[in-house]
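Heads up, the thing below is written out as structure tokens.
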Amino acid sequence: MALEHRTRHFHTTAVPLLSIAVLAAACSSRITARVEVVDGHQVELATAGAGGAATVVFESGLGEDWTHWDEVASEVARHTRIFAYSRPGTGASGPVTTARDPRTIVEELRALLASQGYAPPYLIVGHSMGGAYMELFAKSHPEEVAGTVLVDPRHPDFLDACTGAGLPLDKCGIPESVLSTQSAATIAEYHAFAGASDEMRAAGPFGSSPVRVLTATDHPWSPAQESLWESMLASLAAEAVDGRQIIVQGAGHHIQLDRPDVVVNTILATLPPASP
């Protein structure tokens with residue numbers, strides 16, 4: 001399956017439900033990133049803003065660095081603190097040295113936030129597979145989460161549901177022929193994601209904070225896959241006490257690039273009010 005490229009934003013989707021970064025020149029950044037050494041590891045960080053009742057934390061999709069959030073994060077930073085970063089093996093961060101299962105990624109993010117002086121509460125925002133990581137964060141540590149915004153997240157059971165519906169395996173996930181061309185970090189995360197469903201069940205339900213699930217409608221796949229994706233994200237939103245699915249008509253998988261206004265407005269509407 002050929003990788004799709006867009007010219008307005010530097011990204012590609014091998015299969016739209018999973019993000020894979022393409023090696024291309026980034027558009028000019030609105031937020032200046034920096035590289036720090038944390039516990040002996042090089043980490044690319046992008047922080048901005050001040051005040052607010054919660055820090056907005058961004059998690060990117062599979063194989064993508066923090067810059068896919070640049071436009072959204074820059075606007076949100078006008079209202080509150082933001083924290084974005086590149087996971088190991090992406091952007092200017094160092095190579096992978098630890099397991100890449102979702103729980104490890106969540107706990108590494110929590111440790112990174114603490115090391116940089118960002119205490120809870122957090123409003124966590126995740127795209128695609130990064131959305132699944134933020135789902136696990138919210139379920140594992142509800143006391144730290146003021147709200148959750150999932151941007152066309154990958155449901156941990158989508159692969160099984162997709163193939164179970166009789167759809168071709170290479171249409172439900174990333175074919176090995178494509179995956180083998182990606183970075184070691186991307187390959188490791190993709191394979192480790194097989195345990196995500198078990199980790200979600202072990203974590204338990206969402207807490208009482210709001211959960212918003214933004215859902216794209218313009219994936220380049222069959223109507224059957226589109227319907228399955230939408231229905232599974234609806235069920236994800238329904239798991240939360242205060243959950244809501246928001247359909248973003250005409251947007252592709254990268255809603256934060258196609259409709260950054262919707263993502264920004266959803267984040268701001270989900271933020272808790274700042275103390276007087």
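Restricting attention to the stretch 105-143, the residues being outside any loop (DSSP other than H, G, I, E, B), hydroxyl-bearing (S, T, Y) and within 20 Å of A237 (Cβ to Cβ) number 3. Here L167 does not qualify as surrounded by 14 or more Cβ atoms within 10 Å (Cβ to Cβ), touching a residue at least 12 places away in the same chain (Cβ under 8 Å) and under 23 Å from I124 (Cα atoms).
Scanning the stretch 91-111 for residues that are under 16 Å from W69 (Cβ atoms) and crowded, with 20+ Cβ neighbours inside 10 Å yields G91, S93, L109. If the condition is being more than 28 Å from T181 (Cα to Cα), of a type in the set (S, T, N, Q) and either part of a loop (DSSP other than H, G, I, E, B) or at pLDDT below 50 (or both), then the stretch 1-59 contributes only T32. Looking at A234, A203, A185, A238, just one residue is touching a residue at least 40 places away in the same chain (Cβ under 8 Å), more than 28 Å from R78 (Cα to Cα) and out of contact with any Gly (no Cβ under 8 Å at 6 or more places or on another chain), and that residue is A203. Applying a threshold of 6 Å to beta carbon distances and a minimum spacing of six or more residues, or different chains, the list of pairs starting in the stretch 138-162 at a residue that is under 25 Å from V262 (Cβ atoms) and ending at one that is in a loop (DSSP other than H, G, I, E, B) and modelled with pLDDT under 95 reads A146/P272; R154/L17.
The values are calculated or read from the model by the stated rules, or taken from the named source; none is laboratory data. Quick caveat: nothing in here was measured; it's all calculated off a predicted structure. Because the Cβ atoms are built from the backbone with ideal geometry, glycine has one as well, and the counts that use them run over all protein chains shown.
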